[in-house]
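Below is one structure, written out as structure tokens; the observations come after it.
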Amino acid sequence: MIQRRFGAFGGQYVPETLMETLVELEEAYRRARQDPTFLRRLSFYLTEYAGRETPLTYCANLSHDLGCRVYLKREDLLHGGAHKINNTLGQGLLAEFMGKRRLIAETGAGQHGVATAMAGAVLGLPVEVYMGEVDTERQRLNVYRMRLLGATVHPVASGTRTLKDAVNEAMRDWVTNVRGTHYLIGSCVGPHPFPSIVRDFQSVIGEETRQQVLEREGRLPDMIVACVGGGSNAAGMFAPFIGAGPALVGVEAAGAGLGTPRHGASICGGSPGIFQGAFSYLLQDGDGQVRETHSVAAGLDYPGVGPEHASWKESGAVRYEAVTDREALDAFRYLSRREGIIPALESAHAVAYACRAAADLGPDGILVINLSGRGDKDVPDVARMDGVA
Amino acid sequence: MSRLAAAFADRDGPVFVGFLVAGDPDPAMSLAVAKTMIDAGAGILEVAIPFSDPMADGPIIQQAHERALAAGMTPDAAFDLVQAIRGYAPVPVVLFTYANIVFRQGWERFAARAAGAGADALLVVDLPPEESGDLAAAAARHGLDLIRLIAPTTSAARRRRVLAGASGFVYLVAVEGVTGVRDDLPAYLADLIRTVRQETRLPLAVGFGVSRPGHVQAIAAAGADAVVVGSAITRIIGEHPDGGTKMLQAVGDYVAAMVGRP
């Protein structure tokens with residue numbers, strides 16, 4: 001049985017046209033998880049194509065600086081440079097299992113679009129990606145990358161012309177072409193069963209981490225930190241550790257500051273609302289209109305968050321904190337210089353919070369940071385901020 | 001008998017349900033659009049409270065939501081608009097919106113305010129029966145019908161469950177897709193209307209894509225009681241950025257042609 005709600009959160013707030021498809025998807029997913037061929041194929045692609053398992057890297061320099069034992073879970077080393085491929089391979093194979101021959105996806109900065117295009121290319125499924133016009137201009141190279149991988153990219157000109165509008169447009173496509181198309185949603189958001197499916201496909205992160213840290217340290221970590229936009233890398237990292245002991249911290253984008261309107265911290269700075277198929281936390285005004293958001297990290301620049309995170313917030317299973325653009329940029333530079341690892345700006349939020357919290361753990365404390373992606377994609381932007389053309 | 005039931009009981013030919021986004025192109029003008037539609041023969045009005053993320057709508061109505069929000073439209077002002085329409089004519093009003101707008105007001109408070117303003121029914125497009133328990137109870141307390149939708153993708157088994165809790169009328173979505181103007185309606189539509197017609201005694205309204213007098217005739221011939229027209233009207237508003245009497249004239253002419261008035 002797959003949970004329809006996480007406490008009060010989740011649900012299926014979608015037009016009637018999609019309801020039967022969501023039932024079918026849940027059914028198919030339940031069968032796929034028991035299907036030896038599906039599981040074998042997933043394992044094959046995760047290992048041979050994406051490059052699992054990823055290392056859990058002990059960071060001597062960070063440990064020295066921060067005063068505890070610091071590990072990075074290296075999702076940045078996956079094919080495509082981020083955790084996104086775990087989900088796109090899983091859902092791509094699920095689409096194949098259901099006999100759906102066309103994939104659609106939304107993308108913000110382009111990471112999920114690229115990961116979907118990769119999965120589509122290797123599985124032989126045509127891919128169409130919706131991307132806000134503002135983002136296609138900001139991330140031209142990723143648009144080209146998707147096209148190189150054989151995907152069609154549709155610029156979205158409605159609303160704020162960013163990620164949330166790309167999700168709306170992908171939903172509209174799905175409503176129109178629902179019988180032959182799978183909507184490969186990129187995070188643990190949207191209507192049930194998507195939040196559960198995406199969490200499950202990303203849980204390989206937490207499961208590997210658990211085994212790796214037990215092998216190395218003989219015990220579970222004291223604290224695990226992951227960034228939260230929609231929240232898929234954090235959900236995948238946290239799920240196997242819920243209630244198991246480690247302090248779990250999800251780090252949202254405080255942007256220009258939680259006291260300003262320019263941030264992306266749905267849990268720390270938002271309120272419960274219904275958005276894009278789910279009841280969760282949302283950045284909205286008093287009338288329920290969805291607010292524009294901001295983060296230096298495009299992957300965190302989204303007004304909603306996965307409903308399971310909302311339930312973890314309510315139950316206290318996970319603590320949610322927020323880190324500003326400035327702190328994230330400092331962490332981006334710090335990790336690059338100190339460990340020779342350039343993190344994605346999204347992941348740099350987790351690094352920044354870890355730097356803040358590490359001192360309390362003491363020298364024997366074990367801290368794991370989920371390094372959800374690598375920062376190559378962000379180098380041109382940061383170079384511009386530094387005045388390098 | 002409710003105003004809604006009376007509109008269907010008294011009908012002479014299919015009822016024309018005219019859709020507008022409250023505040024499109026601005027709050028004052030949208031009242032004039034509503035009055036124009038009533039004068040031209042609309043038997044029911046569907047009034048949308050604009051939302052920042054209208055996921056079920058095609059480009060034409062999306063732009064109407066954007067225009068209305070840019071003109072400062074709010075749920076409060078939409079209730080005022082319904083009240084003004086109620087002051088003008090006894091035409092039934094279906095208040096349409098997206099779930100978050102209702103949730104933010106509170107299910108109970110929203111229903112109370114809608115009823116207080118003179119609305120007759122609620123239609124929340126992203127609130128399927130599985131999620132609508134709280135609003136259905138609040139609507140019933142305030143004498144409002146909560147309109148349920150049937151889509152071409154809704155299976156027979158599911159239709160039974162959806163129809164079991166329906167009231168007011170049943171809204172049959174004509175196409176697999178979002179709202180919009182379409183030249184041709186799908187070939188399966190007439191059969192689908194006939195099938196659903198057998199499954200409920202409630203009036204049956206067909207919408208999404210309906211835009212031509214020929215569509216209205218075909219839908220009525222298949223046994224439906226009403227047509228809902230949104231994008232075609234909204235498009236006229238969008239095509240007249242200066243608004244004013246020309247736009248109202250065009251809306252009035254269009255509605256009159258659709259209802260078959262000379």
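How many angstrom separate the Cα center of the stretch A:22-88 from the Cα center of the stretch B:140-169?
Answer, in whole Å: 42.
Got a sec to turn the phi values of the stretch A:239-252 into Karplus ³J(HN,Hα) couplings, 6.51 cos²θ - 1.76 cosθ + 1.60 with θ = phi - 60°, whole Hz, x for Gly and Pro?
Karplus values, whole Hz, x for Gly and Pro: 3, x, 10, 4, x, 9, x, x, 6, 10, 10, x, 10, 9.
Give the long-range amide H neighbours of A:Glu252: residues separated by 5 or more places, or on another chain, with amide H under 5 Å away, using H modelled in the peptide plane at 1.01 Å from N.
Those qualifying (amide H under 5 Å, at least 5 residues apart or on another chain) are A:Val228, A:Glu321, A:Ala322, A:Val323.
If the cut-off is a Cα-Cα distance under 18 Å, which lysines reach A:Lys377, setting aside same-chain residues fewer than 8 apart in sequence?
Partners within reach: A:Lys84.
Long-range amide H contacts for A:Arg102: which residues qualify at under 5 Å (H placed 1.01 Å from N, peptide plane, sequence gap of 5 or more or a different chain)?
Residues meeting the amide H criterion: A:His182.
With just the Cα atoms defining each centre, how far is the stretch A:145-194 from the stretch B:1-60? Give it in Å.
Comparing the Cα centres of the stretch A:145-194 and the stretch B:1-60, I get a distance of 30 Å.
Pick out the long, greasy-scoring helices in chain A: whole DSSP H runs spanning 15 Å or more along their own axis by Cα, mean Kyte-Doolittle at least 0.5. Present the calculation step by step, with values, prior to reporting the outcome.
Working: long enough: A:16-32 (25 Å, -0.48); A:84-98 (21 Å, 0.20); A:111-123 (18 Å, 1.01); A:163-176 (20 Å, -0.45); A:204-217 (19 Å, -1.03); A:325-339 (21 Å, -1.34); A:345-357 (18 Å, 0.48).
Answer set is A:111-123.
Which residues' amide hydrogens lie under 5 Å from the amide hydrogen of B:Phe96, considering only partners 5 or more residues apart or on another chain, with H built in the peptide plane?
Answer set, sorted by chain and number: B:Val47, B:Ala48, B:Ile49, B:Leu123.
When only Cα pairs under 8 Å and 6 or more residues apart are kept, what is the percent relative contact order across chain B? Kindly include the intermediate steps, with their values, before the conclusion.
Details: 497 pairs, mean separation 59.6, N = 262.
Value for chain B: 23 percent.
Label-point separation (nm) for B:Arg197 and B:Asp39, each offset 7 Å from Cα along Cα-to-Cβ?
Label-label distance for B:Arg197 and B:Asp39, simple model: 3.5 nm.
Work out the mean other chain Cβ neighbour count within 10 Å for the residues of B:50-62 and drop it here as an integer.
Values: counts 2, 4, 15, 14, 4, 14, 9, 4, 3, 4, 0, 0, 7.
Averaged over the peptide's residues, the number is 6.
So if I take the centroid of the Cα atoms in the stretch A:279-298 and the same for the stretch B:73-97, what is the distance between those two points in Å?
Cα centroid of the stretch A:279-298 versus Cα centroid of the stretch B:73-97: 28 Å apart.
How many nm separate the modelled label positions at A:Asp376 and A:Arg216, each set 7 Å beyond the Cα in the direction of the Cβ?
2.3
Normalising by the residue count of the stretch A:195-325, find the relative contact order in percent from Cα pairs under 8 Å and 6+ residues apart.
Working: 273 pairs, mean separation 34.1, N = 131.
Computed value for the stretch A:195-325: 26 percent relative contact order.
Could you name the lysines in cross-link range of B:Lys35, using Cα to Cα under 23 Å and dropping any fewer than eight places away on the same chain?
B:Lys246
For the stretch B:52-68, what does the Karplus curve 6.51 cos²θ - 1.76 cosθ + 1.60, with θ = phi - 60°, yield as ³J(HN,Hα) per residue in whole Hz, taken in order and with x for Gly and Pro?
Couplings: 5, 9, x, 5, 8, 10, x, x, 5, 6, 3, 5, 5, 4, 5, 4, 5 Hz.
Given the rule -39500 (n - 2.57) for each run of at least 4 DSSP H residues, summed and divided by the residues of the protein assembly as shown, what is its mean residue ellipticity at 222 nm, to the nearest 500 deg cm²/dmol?
On the way: 28 runs with 296 residues, N = 651.
Mean residue ellipticity at 222 nm (helix-derived): -13500 deg cm²/dmol.
Please give me, ordered by residue number, the chymotrypsin sites (Phe, Trp or Tyr not before Pro) of the stretch A:232-322 that lie in loop per DSSP and have at most 13 other Cβ atoms within 10 Å. Spell out each step's value before the answer.
Numbers: sites: A:Phe238, A:Phe241, A:Phe275, A:Phe279, A:Tyr281, A:Trp312, A:Tyr320; in loops: none.
For chymotrypsin sites (Phe, Trp or Tyr not before Pro) across the stretch A:232-322 that sit outside H, G, I, E and B with at most 13 neighbouring Cβ atoms in 10 Å, the list is empty.
Please report B:Arg160, A:Arg374 as a ranked list, fewest other C-beta atoms within 10 angstrom at the top and most at the bottom. If you can, show how the numbers build up before the last one.
Working: B:Arg160 12, A:Arg374 21.
Ascending number of Cβ neighbours within 10 Å: B:Arg160, A:Arg374.
As an exercise, use a Förster radius of 45 Å and the Cβ-Cβ distance of A:Asp65 and A:Thr37 to find the FRET efficiency, rounded to the nearest 0.05.
Numbers: r = 48 Å, r/R0 = 1.06.
With R0 = 45 Å, the Cβ-Cβ based efficiency is 0.40.
For A:Arg338, put the label point 7 Å out on the Cα→Cβ axis and report which residues of the stretch A:348-389 keep their amide N under 11 Å from it.
Correct set: A:351-359.
Determine the shielding of peptide B:157-164 by partner chains: average, over its residues, the number of Cβ atoms on other chains within 10 angstrom of each Cβ. Could you put the intermediate results ahead of the total?
Details: counts 1, 4, 0, 0, 0, 2, 0, 0.
Going residue by residue through B:157-164 and averaging, the value is 1.
Values in this text are rule-based calculations from the coordinates and carry no lab data. All of these numbers come straight from a predicted model, not from anything done at the bench. Cβ sites come from the backbone with ideal geometry, for glycine too, and all protein chains shown count toward neighbours.
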